[in-house]
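Below is one structure, written out as C-alpha cells; comments come after it.
The values are calculated or read from the model by the stated rules, or taken from the named source; none is laboratory data. Nothing here was measured: the structure is a model prediction, and the numbers come from that model. Quick reminder, even Gly has a Cβ in these numbers, built from the backbone with ideal geometry, and neighbours come from all protein chains shown. To get the accessible areas, we keep the full protein, side chains included, count just its heavy atoms, and leave off ligands, DNA and RNA. Shrake-Rupley method; radii C 1.70, N 1.55, O 1.52, S 1.80 Å.
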Amino acid sequence: MEATEEAGTPAASRIEVDGRCFSVHFEGPDEHVVRVDTGSGERVQLRRWGFDEHLRALDRHAWADERGLRFDHEGFSRDVLRDSGVPEPLHEELAPLALWWATGGDREPTSGVGPDGWLRIGAIRARLRPWTFSERSRAMGQSLTARPDGSRELGLERYLRAMLAASVVAFEPAGVELSMLDGATTAALLDAVVALNTAGERDEDKKMRASDAGGQALARMTLLLCRTLGWTPSQVWEAPAAEIDRLLSILAVTEASAPSPAAPRTPGLADYPDAVVIQVEAG
C-alpha cells in the first residue's frame with residue numbers, strides 16, 4: 001500500500017488488489033470509513049460493516065459440497081457494497097476492493113494466539129479456548145435443518161455464532177462484546193477460532209481415514225493406548241517412540257500372563273432344586 005498526496009485532498013493511498021489499483025482516503029475515528037475514487041471520477045464511501053452483517057453474508061455465500069468448502073467472493077463483495085449504499089453500476093469495478101476492505105486488508109496481520117490464550121486484533125484482545133466435543137455437537141444439532149428431500153442443511157451463521165460464543169472467553173478492554181465487532185475484526189477472530197478448534201490435520205488422521213491395513217493397525221493401537229492410559233490420540237502420537245514400544249511390550253506381557261477364564265460348567269440337577277423329576281420305566 002502506497003500513500004500519496006493529492007492536491008486539495010487529504011493524503012490518499014493507492015491500493016492494489018488482484019492487479020487492480022484503487023485510490024482511497026481513510027477517514028473517521030480509527031479510519032473506519034474509506035472514500036474511493038472510481039474510474040468515472042465519482043467518489044464513493046465504504047463504511048465498516050458489523051459482526052452481524054459479516055456472519056449473515058458468510059451464511060449466504062459460503063457452503064460445502066462434494067468439492068469441499070466453496071466461497072462466492074463476488075456475492076460477498078456485492079453485499080459489502082450494498083451495505084454502504086454504493087450504486088449498482090459500480091459494483092463490478094469496486095468488488096475486489098470491497099472484499100479487501102471487509103476482511104481487514106488495511107490492518108496488520110495478527111500475531112497468533114499466545115501461550116496464555118490471548119489474541120490481539122487491532123485495539124482489542126480476546127482470550128480464546130478450544131470448544132468441547134459436547135459444545136460442538138450441540139451447535140451442530142442446533143444448526144442443521146431438514147430439507148424436503150430428506151437431506152440436512154447446515155446454517156453456517158448459527159454454527160459460527162455458537163463456536164465464537166463457546167471459544168471467546170473474554171475481551172480487553174472490558175465491555176467489548178461480539179456484537180460490537182466490525183466485520184474485519186470478526187474475520188480475523190474467526191480465522192483464529194477455527195484454527196484453534198480444528199488444530200490442523202495430522203498425517204495419522206489421513207492414514208486412518210485411508211482404512212487400509214496400516215491405518216487399521218494404527219487405529220487399534222491408538223485406541224488401546226488411549227483406553228489404557230487415559231490419553232488423547234494426540235498425546236499417544238506425540239509420545240517418544242521408545243516409550244510407546246515399552247508400553248506395548250508391557251501390555252503384551254501382562255495380557256499373556258493373565259489367567260484364562262475357566263470354561264463354563266455344564267449345569268447339573270443340583271443347580272435346579274425346584275425341578276420336578278419324571279422317571280419313565282419300561283414295562
| request: Kindly check whether there is at least one residue in the range 85-94 that is open to solvent by 40 Å² or more (accessible area, probe 1.4 Å), of a type in the set (Asp, Glu) and under 29 Å from Ile124 (Cβ atoms). | output: no
| said: Looking only at helices (runs of 4 or more DSSP H) that lie completely in the range 37-113, which have at least 3 residues being small (Gly, Ala, Ser)? | reply: 91-102
| remark: Reported set for the range 86-111 where residues are modelled with pLDDT under 90 and touching a Leu at 6+ places or on another chain (Cβ under 7 Å) is Trp101, Thr110
| query | Considering Asp79, Asp52, Asp65, which residue is acidic (Asp, Glu), out of contact with any helix residue (DSSP H, G or I) (no Cβ under 9 Å at 6 or more places or on another chain), open to solvent by less than 60 Å² (accessible area, probe 1.4 Å) and closer than 30 Å to Ser151 by Cα? | reply | Asp65
| query | Could you give every pair whose Cβ atoms fall below 6 Å, whose first residue belongs to the range 108-128 and is farther than 16 Å from Ala187 by Cβ and open to solvent by 90 Å² or more (accessible area, probe 1.4 Å), and whose second residue is at pLDDT 85 or above and not in a strand (DSSP E or B), counting only separations of at least 6 or pairs across chains? | reply | Arg127/Gly117
| Say we look at the range 129-138 and pick out the residues that are assigned to a helix (DSSP H, G or I) and touching a helix residue (DSSP H, G or I) at 6+ places or on another chain (Cβ under 8 Å); which of these is surrounded by the fewest Cβ atoms within 10 Å (Cβ to Cβ)? | Arg138
| task | Tell me which of these Arg147 doesn't satisfy, since it passes every other one: (1) over 30 Å from Val34 (Cα atoms); (2) in contact (Cβ under 8 Å) with a residue 60 or more places away in the chain; (3) in contact with an Asp or Glu (Cβ under 7 Å, 6 or more places away or on another chain). | result | (2)
| message | Quick check on my filter: what residues within the range 202-223 are open to solvent by 70 Å² or more (accessible area, probe 1.4 Å) and part of a helix (DSSP H, G or I)? | response | Asp203, Lys206, Lys207, Arg209, Ala213, Gln216, Arg220, Leu223
| said: Which pairs turn up if I take residues in the range 226-241 that are free of Cβ contacts under 8 Å to residues at least 24 places away in the same chain and look for partners that are of a type outside the set (S, T, N, Q) and in a helix (DSSP H, G or I) with beta carbon separation below 6 Å, at least 6 apart in sequence or on another chain? | reply: Val236/Leu225
